[in-house]
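So the structure is just underneath, and the comments pick up after that.
Derivation of every value follows stated rules applied to the coordinates shown; laboratory data play no part. Computed from a prediction, not measured in an experiment: that's the story for all the values here. Positions of Cβ are backbone-derived with ideal geometry, glycine not excepted, and every protein chain shown enters the neighbour counts.
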Ligand code: GTP
Ligand code: MN
Ligand code: MN
């Protein structure tokens, strides 16, 4: 429910993790243009652009937390997170209905190409830039020969069109249920949580993020390898990479880079592309029966042209089709991005917060922990730098308690 915009200055907590930021809010008119400016800075990726991108995101994030629609620029003048540049953008939108700087970006062909290329699985801003420098303008210009060394990019390009359409909540739930049933057979008592945007209440997403754990620490070892084999037998896997855990207590305490700019962690995981049978995308209830009848016409893909993922579980046949041929083939499934993450139970609730996100909520939470509490927060845990001890958590609520924060529901972490 929208409240009234008061003439008095709103009291806004300093940190985003101290505020509730819902997915649906009142200020899209401003946050969308601000996030275009953020994206543009992020894609330019020059020295000072990271902090510019952050500044636009902070402004956007605080606007999302306001329980009313902003109609008057003066009510924002003392909000620290809305800097001079963002303030000018908001003012222009209030006065003219649009912001010229944003319009120019939206009409900039470079921005379009960068957005297109960096939306491909496995392609970041630096690769996208190189491609533009080669004179490539669209997907058709991409020369597969030049991509020889990255299996993700090869599959990402071949399946780009399909991976661009959103995953629905129903699809995500159905897939999660399949994984849950398979994992339960391997390791009874296992927990499989749908995290990421769906856990925050988003109706659609770009992938399915599943976090797996088991109350007996150590029993989760080996689970993912077996699970992947089972999913492979069910013809649900297109391609992917199984990464071993690289966690160690030293990493936990010393690797500061981890908690700040990047969101990377050291969990055992599989990031890849799965085959979702069309029958369950269209929505059906009797999932497992459906899966068992889809065996017939699925074609194996080839990774022959790529650098093989370090630890692969799928066997390749020499006469297998190329990714592009697989894409064009007649098939009864759609390609969907999937992340499977394994966390030992003693790290689970920190992992859950980390993999629920969103990214900006995490970044704020980690910065807040360091600056305000002198504690280091990652997806593996919380380390008190003053006392030199790790702080355990046996629920998500306890993670927030340990951080001296009011608990926020996942649906209020959409910064
Ligand atoms: P959509 O998938 O686009 O709907 O949004 P999302 O919020 O689910 O994004 P994404 O799937 O990229 O990531 C889910 C959450 O996991 C986000 O909060 C990310 O910050 C976090 N995340 C993504 N990759 C990693 C990683 O390698 N390590 C850690 N710790 N977190 C990650
Ligand atoms: Mn996601
Ligand atoms: Mn993901």
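Give me the percent relative contact order of the chain, please, defined on Cα pairs under 8 angstrom at least 6 residues apart. RCO, the chain: 18 percent.
Taking the chain as a Gaussian network of alpha-carbon nodes connected by springs under 10 Å, the highest mean-square fluctuation of the residues 199, 52, 152 belongs to 52. Going by alpha carbons, how many degrees (0 to 90, nearest 10) lie between the helix axis of 223-233 and the longest principal axis of the chain? The angle comes out near 60 degrees. Working from the Cα coordinates of the range 1-136, the gyration tensor eigenvalues give, after taking √(5λ), semi-axes of 31, 16, 13 Å in decreasing order.
I need the shape label for the range 93-181. Rule: rounded when a/c is under 1.5, else prolate if a/b > b/c, else oblate, with a, b, c from the alpha carbon gyration tensor. In terms of gyration-tensor shape, oblate. Computed extension length for residue 20-residue 46: 6.2 nm, one decimal, from 0.36 nm per residue of separation with the Cα-Cα distance subtracted.
The Rg/Rh ratio of the range 338-384, with Rg taken over Cα atoms and Rh as the Kirkwood radius over Cα pairs, comes to 1.00.
For a protection proxy built on the mean count of beta-carbon atoms within 10 angstrom, sort 374-382, 108-116 highest first, please. Each step should come with its number before you reach the end.
On the way: 374-382: 22.7, 108-116: 15.4.
My ranking of the peptides, most packed first, is 374-382, 108-116.
Using the Cβ-Cβ distance between residue 389 and residue 221 with R0 = 35 Å, the FRET efficiency computed as 1/(1 + (r/R0)^6) comes to roughly 0.85. A simple spin-label model places the labels of residue 169 and residue 140 3.9 nm from each other, with each point 7 Å out along Cα-to-Cβ.
Using a Gaussian network model of the chain with C-alpha springs under 10 Å, which one of 349, 383, 98 is most mobile by mean-square fluctuation? Maximum among the listed residues: 98. The length gained by stretching the chain between residue 372 and residue 29 to full extension, at 0.36 nm per residue less their Cα-Cα distance, is 120.2 nm. Taking label positions 7 Å along the Cα-Cβ direction at both residue 181 and residue 397, the computed distance is 3.3 nm, reported to one decimal.
Only counting other Cβ atoms within 10 Å, I'd like 74, 248, 411, 191 sorted with the fewest neighbours first.
74, 248, 411, 191
How would the range 74-124 be classified by its alpha-carbon gyration tensor: rounded, prolate or oblate, with rounded meaning a/c under 1.5 and the a/b versus b/c comparison settling the rest? Note, shape of the range 74-124 comes out oblate. Note on the chain: Cα-only Rg and Dmax are 22.7, 71 Å. Maximal additional length on extending the residue 232-residue 101 stretch stands at 42.3 nm, based on 0.36 nm per residue less the C-alpha distance. Per the Debye formula with a single identical scatterer at each Cα and no solvent contribution, what log10 I(q)/I(0) holds for the range 318-415 at q = 0.12, 0.17, 0.22 Å⁻¹? Each listed q corresponds, in turn, to -0.50, -0.74, -1.15. Taking the chain as the reference, fit the longest principal axis to its C-alpha atoms, fit the long axis of helix 109-118 to the helix C-alpha atoms, and give the angle between the two in degrees, 0 to 90, nearest 10. Value to nearest ten degrees: 50.
Among 211, 76, sorting on how many other beta-carbon atoms sit within 10 Å of each Cβ, with the fewest leading, yields 76, 211.
Considering only 365, 147, 37, the mean-square fluctuation computed in a Gaussian network model of the chain, springs between alpha carbons under 10 angstrom, is largest for 147.
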